[in-house]
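Report on the following structure.
The values are calculated or read from the model by the stated rules, or taken from the named source; none is laboratory data. This is a predicted model, so every value here is computed, not measured. Cβ atoms come from the backbone with ideal geometry, glycine included; neighbour counts cover every protein chain shown. Surface accessibility is based on the protein's heavy atoms, side chains included, excluding ligands, DNA and RNA. Shrake-Rupley method; radii C 1.70, N 1.55, O 1.52, S 1.80 Å.
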Amino acid sequence: PDPSYLCPGFIDLQINGFAGIDYSSKGLGRPEIENIIRALGSSGTVRHLATVITGSRDRITESCASIARARRESPLARTAIAGIHIEGPYISPLDGPRGAHDKKHVRKPDYEEFKEWQEAANGAIRIVTLAPETEGAIDFIAKITADGVIAAIGHTAAPPEAIRAAVAAGARLSTHLGNGSAALIPRLKNYIWNQLAEDQLSASIIADGFHLPDDVLKVFARTKGLERLILVSDVAFLAGSPPGTYNWGDIVVEVNPDGHLSLKGTEFLAGAGHLLDRCISRFADATKTSLAQTIGLCTVNPARLIRLPREATEFVPGAPACLTKFRPGRGREALTVETCVISGETVYGR
């Protein structure tokens, strides 16, 4: 049999929900959030950013408060949820760049609104993804950067000057680069090239086999360098559901037979249906990167970006264990996770 490996557990900066539970839904409590955390253990993920997507002011505030409450009440959630990622609502209203976000809640950046969310989150918001071409975005980026929050560029149709201005104002991340974009863009003058060229931007990417072709993964890896790439899943609450059509708020989503999620009747994806155990194998195979280097893209790199403590990426004597034991997949097969431990508790396996 293939040998087993042990490593600090995986860190996923973009978990919208999982196992039928959505971080942006009403009535989210500690039991539901702990269910997400334990279910993610099947992929070896021990820490993540709970991702709240475009919604009304009150809906986002309530979601932040629910996550903060769970982190106060639950030692498991306190370790496993490294913070909150707000994806939207300050994004492009255009079809394609907007992705699966509800157009009626897309709006201009509002720093006072953000402060309300951060207060409800008890300071846990670590990343805000927005489109830098929206009115007021550059000033907003500068303000949240001064607060120690990472401004990320995503769901955008920005011209080159807006990308440059965002980086100058403090933006440090491209959210799921290559996705949340139009189906057709100018071949040379476009916001994907612009973000690739910005050395101060790290880039999160979804390497599940549906979001980015292998050739794109190779180019991103060579252009950004492994030290500036971060593997994320962008998994949604419908992941793992039987094939069929579902409602995600006012959006109609199709779960396809191969597990990927799409906006019904379109080629646009609606979040992801797979986790980091698949993304790791597929990235390593597509780019011919070693397994050890690839795992750094979902341990060392995200931990450095959001400034997690040393024990998030190293085995520190005396610290509570947060680790993953796995066997490599053959070729493109997902890793086989055998054990996942969070703060000394085995949440998956034995």
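Give the percent of DSSP beta bridges with both residues in the range 146-277 that are antiparallel, rounded to the nearest 5. Could the numbers behind the result be given before it?
On the way: 9 of 17 bridges.
Looking only at bridges with both residues in the range 146-277, the antiparallel portion is about 55 percent.
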Within the accessible area of the range 212-300 (1.4 Å probe), percent carbon and sulfur: 54
Student exercise, the range 122-239 dipole from Lys, Arg, Asp, Glu Cβ charges, in Debye to nearest 20: 200
Residue-averaged 222 nm ellipticity for the chain, from DSSP H runs of 4+ at -39500 (n - 2.57), nearest 500: -9000 deg cm²/dmol
Mean-position separation - Cα centroids, the range 295-322 and the range 226-291, in angstrom: 25
Percent carbon-and-sulfur accessible area, the range 1-107, ignoring ligands, DNA and RNA, probe 1.4 Å: 53
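Rg to Rh for the chain: what is it, with Cα atoms only and Rh by Kirkwood?
On the way: Rg = 18.6 Å, Rh = 19.9 Å.
Rounded to two decimals, Rg over Rh is 0.93.
Can you list which of the GluC sites (Glu not before Pro) found in the range 226-268 are DSSP loop residues with at most 15 other C-beta atoms within 10 Å?
Passing both the DSSP loop test and the Cβ count: Glu267.
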Count of Lys pairs (Cα-Cα under 27 Å; at least 8 positions apart or interchain) in the chain: 21
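Ordering Glu311, Glu161 by how much accessible area each has at a 1.4 Å probe, largest first, what is the list? The partial results should precede the final answer.
Values: Glu311 80, Glu161 110 Å².
Greatest to least solvent exposure: Glu161, Glu311.
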Calculated from backbone phi, Karplus (6.51, -1.76, 1.60) coupling profile of the range 339-348 in Hz, x at Gly/Pro: 8, 9, 10, 10, 6, x, 9, 6, 9, 8
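Probe of 1.4 angstrom, ligands and nucleic acids ignored: what's the accessible area per residue over the range 147-223, in square angstrom?
Details: 3230 Å² over 77 residues.
Ligands and nucleic acids excluded, the result is 42 Å² per residue.
Ordering His260, His176 by accessible area with a probe of 1.4 Å, largest first, what comes out? Don't skip to the end; give the middle numbers.
Working: His260 40, His176 5 Å².
Final ranking, largest accessible area leading: His260, His176.
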Cα gyration tensor category, rounded, prolate or oblate, for the range 285-350 with a/c compared to 1.5: oblate
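Only loop residues by DSSP count here, and only those with at most 10 other Cβ atoms within 10 Å; note down the trypsin sites (Lys or Arg not before Pro) in the range 230-334 that meet that. Walk me through the numbers on the way to the answer.
Details: sites: Lys264, Arg278, Arg282, Lys288, Arg304, Arg307, Arg310, Lys325, Arg330, Arg332; in loops: Lys264, Lys288, Arg307, Arg330, Arg332.
Passing both the DSSP loop test and the Cβ count: Lys288, Arg330.
Shape call for the range 168-237 from the C-alpha gyration tensor, a ≥ b ≥ c root eigenvalues: rounded (a/c under 1.5), prolate (a/b greater than b/c) or oblate? Walk me through the numbers on the way to the answer.
Details: a/c = 1.36, a/b = 1.14, b/c = 1.19.
Here the range 168-237 falls in the rounded category.
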